[in-house]
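Following: one structure in structure tokens, then a few remarks.
Read-outs throughout are calculated quantities, based only on the coordinates presented, and are distinct from any laboratory measurement. Source: prediction; values computed, not measured. Note that we place each Cβ from the backbone using ideal geometry, even for glycine, and neighbour counts take in every protein chain shown.
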Amino acid sequence: MSENVSSNPLTNRIREALSLALQVPIEGISDDLAFGDLPQWDSMGHMEVMMRLEESFGIEINAETIAALTSVAAIRQYLESNHLAAPS
Amino acid sequence: MTSSSLQFAAAVTIPDHLIGEVHSKLAYVDERIAKAHISPSGDQITLELKYAIPAAERAAIEEKVQRVVLSMAKGAIRPKVQVLEDYLDRPTPFAADPMPELLRRGELFQEAEGIYALGPLFTRLIEWFENRFLQLADSFSARPYRFPTLIPARFLERVGYFRAFPHSLSFATHLRTDLDQIDAFAEGASCDEHGHLKVPLESFAPVRTLLSPAVCYHLYFTLADQTLPPQGVVATAVGNCFRYESLNLHSLERLWNFTMREVIFVGDKEFVLANRELARQRMQRVFGEIGFAYRVESANDPFFIGEFRKQAAFQSAFQLKYEIRARLPFKDGTLAVGSYNYHQDFFGRHLNIRLPDGSPAHTGCVAFGLERIAFAFLAQFGFDSIHWPSSMQEVFG
């Protein structure tokens, strides 16, 4: 298990979403994981992540956002700053 | 009851930005489709079939069409269109479709759908543009390469090409190395009235090669499993490319067999992006000198339906591809005659091309469709060289 894993509930929900989208055990999703760090998080994997985030958080992601949400930290910041972190 | 047409509501409304993309994919749905139409509102689809078929078979075709619609349009993300240059309103002296005149003059000879032999004027025009593209390559000290027309299936498999573009593949094989098979072929091979070669499939050897769909792939394969020099790699090559377009094959606008000149960059992200941008600026000057009417805008590759929604959205979001779209005055439309592409580290990862620090290399290329750019030029400037740009009059007199 990665050492860099927080107990923050939002981060954990993001990690769960990424785990499902990328088909990687949740232990493999660290808080500082970013696009390209795993072979599964490539272009296709990234779009799986986007769709999973839409589903899990009830949000609609546009083209601009797709290019910005390239790390666990960026996703958390986006959800927090847009008040989208409430449970879906 | 049999019928040769079919009209039905789309399973989901096709957004306006996807109508052209979905329409182009309907060409691959069923061999019995002669023509497809999607209403401007994106909610009605009409198919004309080559002959009347029973209701059950029409229903099966409709089901396949709905699969395409759902796969491409459901939950589609609207692309962020970015225009880098817009010179579409440059005045140009010609407004007719050059195809009839090209055929009348014997400048074009259609060998088959999407396959043309080109005459002297067209060939010299292509050479003129080729010289400009070679000057562009020289400005980067690009190293020249020659690549084969065939490409091994295992190469394309390694970069996921079969999943992304299965519909446009062209396969190459040969007779099995068996004297009986070769003798039987030599004795009996003939074409039917449709031009189909009547040969049993078992006469052919297993497919290990295809006709190459792109030029730059060959360079990436030569670099596979290697570490790049610190200064990166810049290369240039011209080659035949093959992309089967089914019902979409149309004049010189959409060929099955075409020629592409590429300038290719391999290195770190900054190296590739800076050179791609430099190439765009240099070509902007070339196009400006001849008064070419065009626009450079973000685009996506024609991924097949299963991959389209995700891959196209990704390309759009990260602005990976820009097309040079030339104006075709005769149809009040545009035609992609080239593109500026960035693949991130896709090829670096899949082919294990490494930077000196061990990380995957990034790649990019600028590509020009030679037949298309010459065609677009004739569509804008016509056949009378007195109306052509002065720099070209010196060559064509």
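Would you work out which of B:V366, B:F140, B:H174 lies farthest towards the positive end of the dipole of the protein assembly as shown, given +1 charges on the beta-carbon of Lys and Arg and -1 on that of Asp and Glu, about the Cα centre?
B:F140
Give me the inter-chain shielding for A:31-39: mean count of other chain Cβ atoms within 10 Å, whole number please.
Per-residue shielding by partner chains comes out at 1.
I'd like the distance between the alpha-carbon centres of the range B:1-71 and the range B:286-363, rounded to an integer number of Å.
Each part reduced to its Cα centre gives a spacing of 28 Å.
Check which residues have an amide H placed less than 5 Å from B:A34's amide H, if you skip close sequence neighbours.
Here the answer is B:E48, B:L49, B:K50, since their amide H atoms fall under 5 Å of that of B:A34.
Which order do the peptides B:261-269, B:129-137, B:310-318 take when ranked by the mean count of other beta-carbon atoms within 10 Å per residue, highest first?
B:261-269, B:310-318, B:129-137
Charges only on Cβ, +1 for Lys and Arg, -1 for Asp and Glu: so what's the dipole of the range B:80-146 about the Cα centre, in debye to the nearest 20?
In debye, rounded to 20, the range B:80-146 gives about 240.
Given an 8 Å cut-off on Cα distances and at least 6 residues of separation, report the relative contact order of chain B as a percent.
Relative contact order here is 20 percent.
Calculate, in whole percent, how much of the Cα-Cα pair population of the range B:81-159 lies beyond 22 Å.
60
Taking the Cα centre as origin and putting +1 on Lys and Arg beta-carbons and -1 on Asp and Glu beta-carbons, what dipole magnitude results for the range B:2-73, to the nearest 20 debye?
My answer is approximately 140 debye.
Kindly rank B:158-169, B:183-194 from highest to lowest mean number of other beta carbons found within 10 Å of each residue.
Ranking the peptides B:158-169, B:183-194 by packing returns B:158-169, B:183-194.
State which helices in chain B qualify, where a helix is a whole DSSP H run, it must extend 15 Å or more along its own axis by its Cα atoms, and its mean Kyte-Doolittle hydropathy must be at least 1.0.
B:370-381
Counting only other residues whose beta carbon sits under 11 Å from that of B:F375, what net charge do I get with K and R as +1, D and E as -1?
-2
Order these by the 10 Å Cβ neighbour count, fewest first: B:T92, B:T363, B:T173.
Sorted ascending by nearby Cβ count, the order is B:T173, B:T92, B:T363.
Can you work out the FRET efficiency for the pair B:D43 and A:E60, with r the C-beta to C-beta distance and R0 = 22 Å, to the nearest 0.05?
For B:D43 and A:E60, the calculated efficiency is 0.55.
Using the Cβ atoms and a cut-off under 12 Å, what net charge is assigned to the surroundings of B:R285, where Lys and Arg are +1 and Asp and Glu are -1?
Residues near B:R285 contribute +1 overall.
For B:L201, B:L351, what ranking results if the residue with the fewest other Cβ atoms within 10 Å of its Cβ goes first?
B:L201, B:L351
Roughly how big is the range B:315-397's charge dipole about its Cα centre, with Cβ charges of +1 (Lys, Arg) and -1 (Asp, Glu), in debye to the nearest 20?
260
Compute the normalised compactness of the protein assembly as shown: alpha-carbon radius of gyration over 2.2 N^0.38 Å, N being the residue count.
For the protein assembly as shown, the normalised Cα radius of gyration is 1.07.
From the mean inverse distance of alpha carbon pairs (Kirkwood) and the Cα radius of gyration, derive Rg over Rh for chain B.
0.98
Can you give the average number of partner chain beta-carbon atoms within 10 Å of each beta-carbon in peptide A:49-55, as a whole number?
The mean count of partner-chain Cβ atoms within 10 Å per residue comes to 2.
Quick query: amide H of B:E297 versus all other amide H atoms, modeled in the peptide plane; which residues come in under 5 Å with a sequence gap of 5 or more or a different chain?
B:L84, B:E323, B:R325
Across peptide B:76-84, what mean number of C-beta atoms from other chains lies inside 10 Å of a residue's C-beta?
Counting Cβ atoms of other protein chains within 10 Å of each residue's Cβ and averaging gives 2.
Taking only the alpha carbons of the range B:188-236, what extent do you get along each of the three principal axes, in Å, biggest first?
Ordered largest first, the range B:188-236 gives principal extents of 57, 21, 11 Å.
Looking at the range A:9-81, what % of the alpha carbon pairs are farther apart than 16 Å?
Of all Cα-Cα distances in the range A:9-81, 37 percent exceed 16 Å.
How would you rank B:F171, B:F304, going from fewest to most other Cβ atoms within 10 Å of each one's own Cβ?
With the sparsest Cβ surroundings first, the list reads B:F171, B:F304.
Within 15 Å, Cβ to Cβ, of B:S212, how many net charges do the neighbouring residues add up to if Lys/Arg are +1 and Asp/Glu are -1?
Summing Lys and Arg as +1 and Asp and Glu as -1 gives +4.
Return the calculated 222 nm mean residue ellipticity for chain B, to the nearest 500 deg cm²/dmol, obtained by summing -39500 (n - 2.57) across DSSP H runs with n ≥ 4 and dividing by the residue count.
-10500 deg cm²/dmol
Using a 10 Å cut-off on Cβ atoms, rank the peptides B:24-32, A:19-27 from the highest mean neighbour count down.
In descending order of packing, they fall as B:24-32, A:19-27.
With each label point set 7 Å from Cα along the Cα-Cβ vector, what nm distance links B:R146 and B:A224?
2.3
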